[in-house]
1. Tell me the Kirkwood radius of the stretch 8-164: reciprocal of the mean inverse pair distance over distinct alpha-carbon atoms, in Å.
2. What angle, in degrees between 0 and 90 and rounded to the nearest 10, separates the Cα long axis of helix 130-144 from the longest principal axis of the Cα atoms of the chain?
3. What does the charge dipole of the stretch 495-610 about its Cα centre add up to, to the nearest 20 debye, if the Cβ of each Lys and Arg holds +1 and the Cβ of each Asp and Glu holds -1?
4. Each label point is 7 Å from the Cα along the Cα-to-Cβ direction; what then is the distance between the points at I752 and M412, in nm?
5. Taking the Cα of A523, stepping 7 Å toward and past its beta carbon, and measuring to each backbone N in the stretch 548-589: which are under 17 Å?
6. Using amide H atoms built 1.01 Å from N in the peptide plane, name the residues 5+ places from D569, or on other chains, whose amide H lies under 5 Å from its own.
7. Using a simple charge model, +1 on the beta-carbon of Lys and Arg, -1 on the beta-carbon of Asp and Glu, nothing else, what dipole does the stretch 37-284 show about its Cα centre, in debye to the nearest 20?
8. Calculate, in whole percent, how much of the Cα-Cα pair population of the chain lies beyond 47 Å.
Amino acid sequence: MSALLYQPLQAQVPYGTAKNPSSGEILLNLKKLNVLGSVLYVAAHPDDENTLLLAYMAKERLARTAYMALTRGDGGQNLIGTEQGEYIGVIRTQELLAARRVDGPEQYFSRAYDFGFSKSTDEAVKTWGRDQVLADVVWRIRKFQPDVIITRFPPDPRAGHGHHSASGFLAEEAFKIAADPTKFPEQLRYVKPWQAKRIMWNVFIPNAFGSNAKPNEAGNLIGIETGVYNPLIGRSYGEIAAESRSQHKSQGFGVAASRNVRMDYLLLKAGEPAEKDPFDGVDMSWKRVAKSERVQELVNQAIAGFKAGQPAASVPALVQVYRAMSQLDTTSLLVKTKRQEVQSLIQQCLGLWFEANPVDYAATAGETIRLNTTVVARTETPVRLLNVRFSTGKDTTLNLTLKPYDQVTLPMMMRIPVTQKITQPYWLEKPLQKGLFQVDDQQLIGLPENPPALTAAFTFDIDGEPFTFTRPWIYKTTDPVEGEIYRPFVIQPEVMANIAEKVYVYSDNVAKPVEVVVKVGRAGVSGKLALSVPSGWKVQPADIPFDLKEKGQELRVTFTVTPGSGAEDGKLKAVATTAAGAFSTGLRLVEYKHIPTQTVFPAAEAKLVKLDVKVTAKNIGYIMGAGDEVNIALRQMGCQVTMLTQADLNKDLSQFDAIVVGVRAYNTEDWLKYEQEKLMDYVKNGGTMVVQYVTAGGPGNTLKVKQMGPYPFNVGRDRVTEEDAKMTFLKPQHPLLNTPNKITERDFDGWIQERGIYFAVDVDKNYEPIFAANDTGEAPKDGSLIYAKYGKGHFMYTGLVFFRELPAGVEGAYRLFANMISIGKQ
């Protein structure tokens, strides 16, 4: 009997980079065969999960464990780069997968988009679409079939964030209805109704995460000591949890390992009561599967006979276990899961290694590419490689007895099917609709990433039984510094066009150059490139020919785009036309050392903005912080921008009309504490300084200076999340609101995601607040922009989210920021 196993979807190991576990971990996995319980943990974002409890459940209780984050964290800030929106969501998805490779559970999502901070459950579920996201949670419950559901947050304001409380609310609602066949019946084509035993809240004490104190909650509160040490792994779960938590690098969530006693508390929210353990009343044994007595007996024998120095000796026993499982109801999810676990264990015990490596990381549909398939048997136990089947339709029959430690390499030429779709994260294939990604395929909903498009299926004869393991095609290279590096293989378009800027801002009718980089996905591509623009705009030349001979070759071309008198804001689109058709796709790589390189093919578009803006400041110094694109927007306004380093602050700063400090710079740049006095002297002597938002409080959010401005102020957690909240002008005659641009309420139309975050609080009397704003039902907050005259110069701190608005081409944000940097030039 042949068994098909694709590990990245089941165990969710990374593309081709799974390390074979140690003998101690193999023994844990053997013991896990005897545990048939499961737990689903639900929260809102990447980094919300309790990695300690997850590690404990997966590696100590040996339950099948999963974390469901409703969102991919798309609205979060980015500590390591400039990515925002769906691109930071791509990063945080991979960081979650990296975390799960450390602590052991599976990872899932809903279609909900993280639209930024929310202050209520109602706002969150209304923005996402209540029924759609509820359906996704129900789908995951029915698909995963958990015995116990655990939420990280309560469904009320104690959660501290509308997304948090919404995750608790939706999980509790889904718990109630997942067993009801009248709810979301379209799912029953693939799954069955499922009733979990209970749902519990992983109670925490606000502002005291990590505390072992028992929370003051009414009801049956169960305490679990989760920080125990596992000698088979050689680490405590606190150590594992810290490593897992530290994978969230884009959020700056690296933490120290905990090796002391740690307690977690669970409170029953609905379902059957539990007295001492979250799995009370749950049959965790093989007794829950009919006619499984023989399986139980064989698993016990395999565990008892395991030899740490000779794991391959357990293979015959595991093959017997697999055969016995094959006599059970193989449609049962429990049996399916355990059969897959047995197959993985057989491969682990044998140290069997196999992979399929194309010689390039990308190809186009219809292209022929060289593929090197390798197999290594690292044991004396007899193993035969029967065949390798490829998803392209090509099969290789071998019937080859593998010699121990003798690598078998099978080079071959493979043609990519002409119908093969380009590689695109499935949730980004269609445009976002407000708060929800559009995904048509029910089977894809919730998966962390795409199932691999191109695979190799290796069939082995192991102790007389055929086993088939499937691996994705994965590009492998060796870096002289980093060593062996894996990269997901992608199918790319024939032509890609990247427009140099996201937004082109025109404050007059003067032409601007628009630079486009054309890149071909295969050798020998010729055609022409043109720009499509809205009516009222002129493009010269009409098109530019290209003829690129080598795969990956690029050509940089420049068009001139001029607004006419009737030109309106709109989209500029690059269109490449070849013999194969028209292409209007760009290329965006998300590359960081801690995650596999991610490839996204966005639309080849930019925004054209006809803007009524005046700027009297022309020479701007910019101190980059955690990463933003405000400096690019300043250049679009006609400013000359100099990126400043620590050494630059020892030069004459008076040359700059203004110095702008990037987002979170005072959180991330240690050297600022040594140069702060120079910046204050620059202001005192007549300079203008604008400091964009910082965070205060919590790990990684410590300020590098005691005082950011010439007079004291603090930064709190005040924010206005309603992007259309009314902005009250507290100082209507203030120069910031009048010169060189007259700021009106219209300048706050069209803002995205929010008004501002991390407002100034406890402000010295020398500062003037410029605006007041508030979310519905809250008191006005006046810390979004504060201004002070200091000596001959001007200082401003702002929590207004210019880092979002300027790259999005929001006209009023440009006009206000122009006033801020120009105030010293009046």
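Taken together, the values in this text are just the output of simple stated rules run on the coordinates, not laboratory data. Fair warning: this is a prediction, and the values are worked out from it, not measured in the lab. Glycine also receives a Cβ, built like all others from the backbone with ideal geometry; neighbour counts cover every protein chain displayed.
1. 16.5
2. It works out to around 30 degrees.
3. Roughly 220 debye for the stretch 495-610.
4. Once both label points are built, they end up 4.6 nm from each other.
5. Once the point is set 7 Å along Cα→Cβ of A523, 548-554 turn out to lie under 17 Å by backbone N, inside the stretch 548-589.
6. Distant-sequence amide H within range of D569: K610.
7. On the way: 30 positive and 31 negative charges, 58 e Å.
For the stretch 37-284, the charge dipole is close to 280 debye.
8. 29
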